[in-house]
């Protein structure tokens with residue numbers, strides 16, 4: 001394991017970083033929101049597409065997407081009346097990819 005002591009920030013900065021990390025992880029700690037992020041890891045989706053993929057009512061999907069948007073984990077793009085959602089940044093993509101590797105990927109490399 002790599003020695004992280006040389007990268008450790010001052011205590012006040014570390015406390016702020018810990019608060020930010022905890023908020024991020026709390027958002028991920030909901031099964032429905034995590035499933036949405038996993039689906040968005042494969043590309044942008046509309047609310048209707050997510051509703052169908054998750055077998056969850058549109059109102060519930062919209063509520064979860066609102067929380068993800070508030071936390072800065074997803075962004076939106078409007079095309080006519082349809083709003084498409086995608087992962088907001090590379091950090092979110094990396095975390096979702098790591099979780100996939102840890103919990104979803106098969107040992108032989110297949111899906």
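We did not get these values from a lab; they are worked out from the coordinates using the rules stated. Every value quoted in this text rests on a predicted model; they were computed, and no experiment measured them. Note that each Cβ is placed from the backbone with ideal geometry, even for glycine, and that neighbours are counted across all protein chains shown.
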**Q.** Count of residues meeting criterion [without any contact (Cβ under 8 Å) to a residue 60 or more places away in the chain, in a helix (DSSP H, G or I) and either under 12 Å from the mean Cα position of the chain (by Cα) or under 16 Å from residue 94 (Cβ atoms) (or both)] in the range 25-56
**A.** 11
Q: Of all residues in the range 68-82, count the ones that are surrounded by fewer than 16 Cβ atoms within 10 Å (Cβ to Cβ), in contact with a helix residue (DSSP H, G or I) (Cβ under 9 Å, 6 or more places away or on another chain) and in contact (Cβ under 8 Å) with a residue 24 or more places away in the chain.
A: 1
